[in-house]
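Right, one structure below, let's go through it.
The values are calculated or read from the model by the stated rules, or taken from the named source; none is laboratory data. What you see is a predicted model; the values in this text were computed from it and never measured. Counting neighbours? That spans all protein chains shown, and the Cβs are built from the backbone with ideal geometry, glycine included. For accessibility, only protein heavy atoms count, side chains too; no ligands or nucleic acids. Shrake-Rupley method; radii C 1.70, N 1.55, O 1.52, S 1.80 Å.
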Amino acid sequence: MDLVTGGIVLFTIMVAAGIIPLIMAVKVKVHSLRILSVLLGLFAVVHGFYHLAFGFQQELLADAVFEPISLLLLIGLGAYYSKVGIA
């Protein structure tokens, strides 16, 4: 499997995995669970774009834009979870 195909496959998997928590965030009524779902879904989608950009050999876009955004979303998810948790 070449780099472009691998990037497309990983992008598809990550976006598919990110859609589930985003849909759940729309349907759930618990505020803290809604925020956790949004953060998790956005992280998965942005990280999928990182893999897509890297697969198309756009390392600057992947490393300078998508990686820091996905890292901030993941840190935000962890910080919010440690603050609120599931009550």
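Helix 31-55 and the long axis of the chain differ in direction by around 0°, with both axes built from C-alpha atoms. Packing order of peptides 52-58, 4-10, 22-28, 38-44, highest average first: 38-44, 52-58, 4-10, 22-28 (average count of other Cβ atoms within 10 Å over each peptide's residues). For the chain, the Cβ-based charge dipole about the Cα centre amounts to some 640 debye (Lys, Arg positive; Asp, Glu negative; other atoms uncharged).
Against the chain, whose longest principal axis comes from its Cα atoms, helix 3-27 is set at around 20 degrees. Mean residue ellipticity, 222 nm, helices only, the chain: the sum of -39500 (n - 2.57) across DSSP H runs of n ≥ 4, divided by residue count and rounded to 500, is -27500 deg cm²/dmol. Using only the alpha-carbon atoms, how far is helix 67-84 inclined from the longest principal axis of the chain? Give it as 0 to 90 degrees, nearest 10. The helix 67-84 is inclined about 20 degrees to the chain.
The residues of the chain present an accessible area of 64 Å² per residue when probed at 1.4 Å with all protein chains retained.
The relative contact order of the chain, computed from alpha carbon pairs under 8 Å that lie at least 6 residues apart in sequence, is 34 percent.
On the chain, 76 percent of the accessible area sits on carbon and sulfur atoms, based on a 1.4 Å probe.
Per-residue extension of 0.36 nm, minus the Cα-Cα distance of A17 and Q58, leaves a gain of 12.5 nm for this segment.
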